[in-house]
1. Looking at (1) out of contact with any Pro (no Cβ under 9 Å at 6 or more places or on another chain); (2) part of a loop (DSSP other than H, G, I, E, B); (3) more than 9 Å from chain A (Cβ to nearest Cβ), can you tell me which one B:Arg51 breaks?
2. Of all residues in the range A:15-40, count the ones that are within 11 Å of chain B (Cβ to nearest Cβ), more than 10 Å from the chain's Cα centre (by Cα) and either aromatic (Phe, Trp, Tyr) or crowded, with 18+ Cβ neighbours inside 10 Å (or both).
3. Got a number for residues in the range A:25-49 being among the hydrophobic types (A, V, I, L, M, F, W, C) and in contact (Cβ under 8 Å) with a residue 60 or more places away in the chain?
4. Could you check the range A:86-106 and list, in sequence order, the residues that are at pLDDT below 95 and outside any strand (DSSP E or B)?
5. Out of (1) within 21 Å of A:Ser94 (Cβ to Cβ); (2) more than 12 Å from the chain's Cα centre (by Cα); (3) open to solvent by 30 Å² or more (accessible area, probe 1.4 Å), the odd one out for B:Leu48 is which?
6. Across the range B:51-66, which residue is modelled with the highest pLDDT among those that are under 19 Å from B:Pro96 (Cβ atoms) and open to solvent by 60 Å² or more (accessible area, probe 1.4 Å)?
7. Among the residues of the range B:68-83, how many are in a strand (DSSP E or B) and loosely packed, with under 15 Cβ neighbours inside 10 Å?
8. Considering only the range A:60-79, I want to know if a residue exists there that is at pLDDT 95 or above and open to solvent by 60 Å² or more (accessible area, probe 1.4 Å).
Amino acid sequence: EPEVTQTPSHQVTQMGQEVILRCVPISNHLYFYWYRQILGQKVEFLVSFYNNEISEKSEIFDDQFSVERPDGSNFTLKIRSTKLEDSAMYFCASGGLSTQETQYFGPGTRLLVL
Amino acid sequence: AQKVTQAQTEISVVEKEDVTLDCVYETRDTTYYLFWYKQPPSGELVFLIRRNSFDEQNEISGRYSWNFQKSTSSFNFTITASQVVDSAVYFCALLPDNFNKFYFGSGTKLNVKP
């Protein structure tokens, strides 16, 4: 069964460093998403991406964040200068042919900023 | 406003008991989709069910059943004869038709004791 994959599963970084979180969505999906879950809290939407551009982003997704689909398979989230409060689980999700389709989540990347 | 409320923060039951997890949602969209996800201790989000707003039929899948009532804006989830492996955090989520993102509830942590 097709699934969304994410690498790395865990990342530890120093405050101020750049991190890139990688995702491989399900191959025939057209809509891609990043969500964040701070430990013990709810899952929060960060950004959606369609047709090689951002279609929507939340107030959390400030200038420190960027997304890219560099090669038609990977979908990346970059945090330019990490802060302590960026420590969270980051989930990538992909959806099929329309925005109303189910979004399937990857296993997450647990980011710890020290 | 789009909002999902899971009022039960944590529930503990003994194995083989039935348990119901509550979910109440708010949306102004006439078309929307409701989901339940399971998050085991390993952290991934596992898709359980999707319901369309125009389909109020209840659904049963093995020990799981879902009760969707538009009149009370609720989408409750019942586990019959709970098992230890059901221990997880369960999230209810709303996908409004006019918004390309999920709104998650804060989750209910279910502890099933042997």
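The values are calculated or read from the model by the stated rules, or taken from the named source; none is laboratory data. Small disclaimer: the values here were computed from a predicted structure and weren't measured. All Cβ positions, glycine included, derive from the backbone under ideal geometry; neighbour counts span all protein chains shown. Keep in mind that these areas ignore ligands, DNA and RNA; they rest on the heavy atoms of the full protein, side chains included. Shrake-Rupley method; radii C 1.70, N 1.55, O 1.52, S 1.80 Å.
1. Exception for B:Arg51: condition (2).
2. Total meeting the criteria: 2.
3. In the first step, residues of the range A:25-49 are kept if they are among the hydrophobic types (A, V, I, L, M, F, W, C); the result is A:26, A:30, A:32, A:34, A:38-39, A:43, A:45-47, A:49.
When the remaining residues are screened for being in contact (Cβ under 8 Å) with a residue 60 or more places away in the chain, the result is A:26, A:30, A:32.
Count: 3.
4. Within the range A:86-106, A:Gly96, A:Leu97, A:Ser98, A:Thr99, A:Gln100, A:Glu101, A:Thr102, A:Gln103, A:Gly106 meet the criteria.
5. That leaves (2) as the condition not met.
6. Applying the filter and picking the extreme gives B:Phe54.
7. Filtering the range B:68-83 for residues in a strand (DSSP E or B) gives B:68-69, B:74-79.
With the extra rule that they be loosely packed, with under 15 Cβ neighbours inside 10 Å, the set shrinks to B:69.
Counting residues in the range B:68-83 that are in a strand (DSSP E or B) and loosely packed, with under 15 Cβ neighbours inside 10 Å gives 1.
8. Checked the range A:60-79: at least one residue is at pLDDT 95 or above and open to solvent by 60 Å² or more (accessible area, probe 1.4 Å).
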